[in-house]
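The values are calculated or read from the model by the stated rules, or taken from the named source; none is laboratory data. These numbers come from a predicted model, not from an experiment. Cβ: placed from backbone, ideal geometry, glycine included. Neighbour counts: every protein chain shown. For accessibility, only protein heavy atoms count, side chains too; no ligands or nucleic acids. Shrake-Rupley method; radii C 1.70, N 1.55, O 1.52, S 1.80 Å.
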Amino acid sequence: MPQIHSSTMITDQSSVGEARRVAVQHAQALGFDEERRSNIGIAVTEMATNVLLHGRGGEVLLCPFGEDGGPVWLDVLALDAGPGIRDMARAMEDGFSTAGTAGQGLGAVQRLADESSVFSPVGKGTVSWSRFRLGRPPVVSELGVVSIPVKGETKCGDGYLLRPEATRSLYMVVDGLGHGVGANEAALEAIETVRQYSGETATEMVQRSHDALKKTRGAAMSVAIVDHDRKICTYAGVGNVTAMLVSGTSSRTMVSQNGTLGAVLPRVVQEYTYPIEPNALLLMFSDGLNTRAELGSYAGVQHRHPMLMAGLLYRDFTRRRDDATVLVAPVGAALEGTPA
């Protein structure tokens, strides 16, 4: 099942300590050893401190990823809407500080993490991302997903399922009605159903999920199946989970039907097929994000890691009054090294 993601608002020094504490808890739950947990704590402290001192406050997201027998990692996103970083090269140097701190900062984070990246246009805030892997590098790591429960809830009513493979990849996002425990139960039921029938067509997975969710409060859901050899995306969606294919400054929103899985299903569930352009990205998000969410206005960001893109979209388009999930996956190129 998807791991629970968390958010810490960074407003003062005590919230920096809270972000570190939660990060270490996530790391322990994922199975990181004591030394690695300490390094994660140091990195999160530096990232949160940068948000506080340079970004004038913001948010730290902790996004664990791991399933039985699969890759495990912890993603950390530090988000702010401050002035941005004018001299990125110097900011990445160990010992450099513009705020009177010890100055370990971004350079130390880059050294401690397995992967990291910073997007900071001058005057438009900063998104800093770091990934800490457990064990060997995963077969597929070019994925980005953020799934944050609405403030005040410990369980997320949104969910997702990722099955990236060499020839056929499956991506699903589900949004249980409302939020809290009931929405979470609906989302988990949909995830388990799609996992069980992941080899079937998109419409069959939607129909089976509808039947399984009749005992729950219901959900909206979108399923995208990517055929990498034929370069097409087959899509079926019911409800208000948005999905689009993004290529450069252009995007194409895929068609979802009205209805609620578990309650009201369209008489005929439609399946749509879309061509995939070179270097295209698949973007899927729940209605916790504004429907205007897009990547085209951020110069150069589509060449960055999908997790950084997911954090950027969350920062700029989350509504703050519902669970919010955003998934970004590259679908316009072969997934090198993935199992057939």
Original post:
In this structure, is residue 316 out of contact with any Ser or Thr (no Cβ under 7 Å at 6 or more places or on another chain), crowded, with 16+ Cβ neighbours inside 10 Å and farther than 26 Å from residue 118 by Cβ?
Top reply: no
Selection over segment 26-42 where residues are farther than 14 Å from residue 134 by Cβ and out of contact with any Lys or Arg (no Cβ under 9 Å at 6 or more places or on another chain) yields a count of 1
Of the residues in segment 27-53, those that are closer than 16 Å to residue 109 by Cβ and open to solvent by 50 Å² or more (accessible area, probe 1.4 Å) number 4
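So that you can scan it fast, the table gives a plain yes or no per residue for (1) surrounded by fewer than 24 Cβ atoms within 10 Å (Cβ to Cβ); (2) aliphatic (A, V, I, L, M):
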| residue | (1), (2) |
| --- | --- |
| 213 | no, yes |
| 225 | yes, yes |
| 229 | yes, no |
| 239 | yes, no |
| 248 | yes, no |
| 290 | yes, no |
| 294 | yes, no |
| 297 | yes, no |
| 307 | no, yes |
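Under the condition of being β-branched (Val, Ile, Thr) and more than 18 Å from the chain's Cα centre (by Cα), which residue from segment 107-136 is nearest to residue 36 (Cα to Cα)?
So, considering only residues that are β-branched (Val, Ile, Thr) and more than 18 Å from the chain's Cα centre (by Cα), the one nearest to residue 36 (Cα to Cα) is 109.
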Here the qualifying pairs (Cβ atoms under 6 Å; residues six or more apart or on different chains; first in segment 259-272 and on the phi > 0 side of the Ramachandran plot; second open to solvent by 30 Å² or more (accessible area, probe 1.4 Å)) come out as 259/265; 262/214; 262/216
Residue 21 vs (1) more than 21 Å from the chain's Cα centre (by Cα); (2) farther than 22 Å from residue 117 by Cα; (3) open to solvent by less than 30 Å² (accessible area, probe 1.4 Å): all pass except (3)
Flagged in segment 137-156 as at pLDDT 85 or above and out of contact with any Leu (no Cβ under 8 Å at 6 or more places or on another chain), in numbering order, are 147, 149, 150, 151, 152, 153, 154, 155, 156
Those residues of segment 274-298 that are more than 17 Å from residue 175 (Cβ to Cβ) and assigned to a loop (DSSP other than H, G, I, E, B) come to a total of 11
